[in-house]
Structures are given as C-alpha cells and as structure tokens.
Amino acid sequence: MFFSLIYADNMLRKNKNFILKSLKQCNWGTFIEYVSRDLKNDRDVVIEAVKQWGMSLQFVNAKFKKDKEIVLIAVKQYCNSLEHADESLKKDKEIVIEAIKQNGYAFQYSHESLKKDREFILNAVKISGNVLSYADDSLKKDKEIVLEAVKQNGSSLFYADYSLKKDKQIAFAAINTNCFSIQYVDESLKKDKEIIAAAIKKNSYCIKFVDRKFIRDPSIIAII
C-alpha cells in the first residue's frame, strides 16, 4: 500500500476515504508524506496518521503541531514525536509527561523552561530517572532531585553533579536499584566497604568496579 501510493495518480492521493482506509492498514510511518497537500491539512487524516506513527507529525501542516489533542496522540504513540511539536506545546507538562513515561531521554525535546523547573523535574525523575540527563545543571546538584532519580533508576547517577557522587546516601539508593551504578560513584566510595558490600551482595560482578585492593579482602571475599 505504501509503495503503491508513491506512484499513485494525484486523484488517488486526494481521495480522503482511500487515504483513511490506507492509513489504518499501513504501518509505514512516512505514508502521510505522499498524500495530497489538501489532505495534509485535513484533521481526520492527520489524527489517523499520528495514531499509526507519531513521527508523522513532522510531515503535517504547522497548525496541527500546535493542536494539543493531535500532539498528545502522537507522543503517546511514540515519545520522540515531541521533537516535532510546536514550541508552545513542548512546555505543556501533560504532553511532556506522556513522552517521558515511555522514555526519559525524550525530555531532551522539551522546552528549556521545563528543564529549569525544579518542581516539574522533581516529579519527572520519579517517573524516569533519566530525565536528569537533560535537566539544568543547577538541578543536577540538587540532592532531593538526584536522590529521587537514582531511586527510580540507579544508572541516572551518571548524570548527577560530581559533588553528589560522593554522597553515601545517594550511592546506597543508586546501588539498591541498580548495583552496577557503583561504577558512577566517586572514587572515595569505591574504597568504602559498606558501599562495596552493598553492590556485591546484589551481584558479585560489581567487584570489577571497586578499588583493586578489595579483591583480596577476606570480608569482601566472604560476600562473593
């Protein structure tokens, strides 16, 4: 169906019923790119297109990129569709939350104002710790935010400010959700027996990330 449309007569590309039926059957994301200009301006067609593939949003008329209902449908289908939304909707908290529910890294496409919004970030990292990667640098130094991020995903410790990688409470929280996050703690904590023990109890393979002298430490060997 997709390849047929590429070579189809213009009259067929303008046939709304045909296009709507085709969209419902087609999983080729760029399908809407080949419909007539008039149908790219048709709300029914656009809705059906983004339902099938959120990234269709990039091919539609600019007015639909400002349409919250359409953008929300697109983002729910594929989080990175946020990239093609109008700037006014990249700051819409409901839409951005829908994106990060799928993947915290989609937060990179949000408006800069949200990346500096402490309250929003604090709530967002509870959904996906990886939101921290695109938060403003000042918030990567915020202990409460970092703690919530690592509780959700220990690996998000990688994005925390260096000063908080020395924080034992944060290190324990990160290791609790992902023991391999020990590789992101400060070197001083890689020599801390409590931290080492917590990681190795989760997975003995974590020994590779700690100070080498502990490989022969009887108390550590006993845990392994």
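Within region 131-145, the set of residues being among the acidic types (Asp, Glu) and in a helix (DSSP H, G or I) comprises Asp137, Glu144. Taking the conditions (1) touching a helix residue (DSSP H, G or I) at 6+ places or on another chain (Cβ under 7 Å); (2) crowded, with 18+ Cβ neighbours inside 10 Å in turn, Ser88 satisfies each one other than (2). Residues of region 43-80 that are crowded, with 19+ Cβ neighbours inside 10 Å, charged (D, E, K, R) and farther than 21 Å from His111 by Cβ: Glu48 alone. Looking across region 95-120 at every residue that is free of Cβ contacts under 8 Å to residues at least 12 places away in the same chain and exposed (fewer than 15 other Cβ atoms within 10 Å of the Cβ), the one that is farthest from Ala149 (Cα to Cα) is identified as Glu112.
Checking each residue in region 56-114 for being under 15 Å from the mean Cα position of the chain (by Cα) and among the hydroxyl-bearing types (Ser, Thr, Tyr) picks out Tyr78, Ser81, Tyr105, Tyr109, Ser110.
Yes or no, residue by residue, for (1) under 20 Å from Leu139 (Cβ atoms); (2) outside the structural domain of Val150 (by TED's automatic domain parsing); (3) in contact with a Lys or Arg (Cβ under 9 Å, 6 or more places away or on another chain):
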{"site": "Glu48", "(1), (2), (3)": "no, yes, yes"}
{"site": "Gly54", "(1), (2), (3)": "no, yes, yes"}
{"site": "Val60", "(1), (2), (3)": "no, yes, yes"}
{"site": "Ile73", "(1), (2), (3)": "no, yes, yes"}
{"site": "Tyr109", "(1), (2), (3)": "yes, yes, yes"}
{"site": "Phe120", "(1), (2), (3)": "yes, no, yes"}
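Just one of (1) over 29 Å from Ile195 (Cα atoms); (2) crowded, with 22+ Cβ neighbours inside 10 Å fails for Ala160. It is (1).
The values are calculated or read from the model by the stated rules, or taken from the named source; none is laboratory data. Values in this document were obtained by computation on a predicted structure and should not be read as measured data. Every residue, glycine as well, gets a Cβ built from its backbone with ideal geometry; the counts of neighbours run over all protein chains shown.
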